[in-house]
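Inspection log for the structure reproduced underneath, given as structure tokens.
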């Protein structure tokens, strides 16, 4: 067995060696064949590379030739452009030389003209001096006197030119302003065509009988004294038959007194305790009416965020009248007009309505505080948080301060429209006559005015002047000056037309 194994192992080893030797022979044969193939591929690659090099050389030669052709063509074009540019520069240089030559000629000509002008000026000065000397000799006036005469002539001529300029400017400005103002105001009045009746403050209470009037007075005047002490008003019993007159500066207090007295007359029981009871009821009623009137006014105008105290003060205007016009209704009308005018002018209508509604706020308390109602109202508005624009519109609507904003002018115009419309207000005879007299006094204060007549209810002033003291040109200036003084010193509804009349009459008598 061992020998068999050894033999088998030896046989395997011999077989393996024989296999290795055979494999090496095969591999060598393959390597030899591959070497021949590689040599063949190398020769083919070298042939192909040689062919590629020849083609690349030909393409490079073609490209170089094309580049050379392009370069020569571009060089030719640039040469042509340079020649054209050189020609243009030469032409421009020739034109500049020609222009310089022309300028030199003109400069020489101007120098000659300046020299001639200087000679002419000197000649004119010499001649003027000679003429002045001759005029002095002929007229018998010195140089100063001649200057004074000349200045007077210049002054007259200047007055004439000033009058012409003023007249033309005023006519043009008035035409344009009136046209635009009529359009805006017409739209405002058309849109706010409210119908308010002029009111008169109730100051009397009818009394059915003299017996009741005696009971109101009471024993030894006890009841009337109690009534006046509690209400703070004054009763006048004997002046008007079948009526008692009520007097008080405070319109709200006057209204409370009126209601208290009417309730006492209706009740018939008139004694101090009953008077106090009726007064308390009337006070509550009027205070509620005041609050409701203020709130309704704010609601009607469509504004908000107004301080409650301002609303209450605004409601007090329900019982206040101005020349027969209810002030609260007037304030509402001014608010509506201000809103429309502001819209037409491109302003904020809400602020304009607010300022218009509050513009007469001071009239509710002007009997308690010193000063004009415009200033008082402005201080109230400022105190309760209104904006400076609204405050300024309130204080400037009667020009207690000069208006500096368009809003102030809008409120001022709306106030004038509401107050000046027909039937809105009635003026007392004394104030009406005083205004006419003031208009005449202003015009009579000018030199050369002979007589003045205020006509058409103060809407026109006719000024008669002395023709030997006031020329036609100066009459235009005089009318302008009078109108400006009236604007500065007086308050009036609407406009005042100033007419200066200069008339020369020649008279003789046939014998």
When restricted to 388, 399, the only residue at pLDDT 90 or above, farther than 16 Å from residue 322 by Cα and surrounded by fewer than 17 Cβ atoms within 10 Å (Cβ to Cβ) is 388
**Request:** Kindly establish whether residue 246 is in the same structural domain as residue 373 (by TED's automatic domain parsing) and modelled with pLDDT of 85 or more.
**Result:** no
When every residue in the range 90-147 that is part of a helix (DSSP H, G or I) and in contact with a helix residue (DSSP H, G or I) (Cβ under 9 Å, 6 or more places away or on another chain) is compared, the one modelled with the lowest pLDDT is 139
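The values are calculated or read from the model by the stated rules, or taken from the named source; none is laboratory data. Everything numeric here is computed off the predicted structure, so don't read it as measured data. Note: ideal-geometry Cβ built from the backbone for every residue, glycine included; neighbour counts use all protein chains shown.
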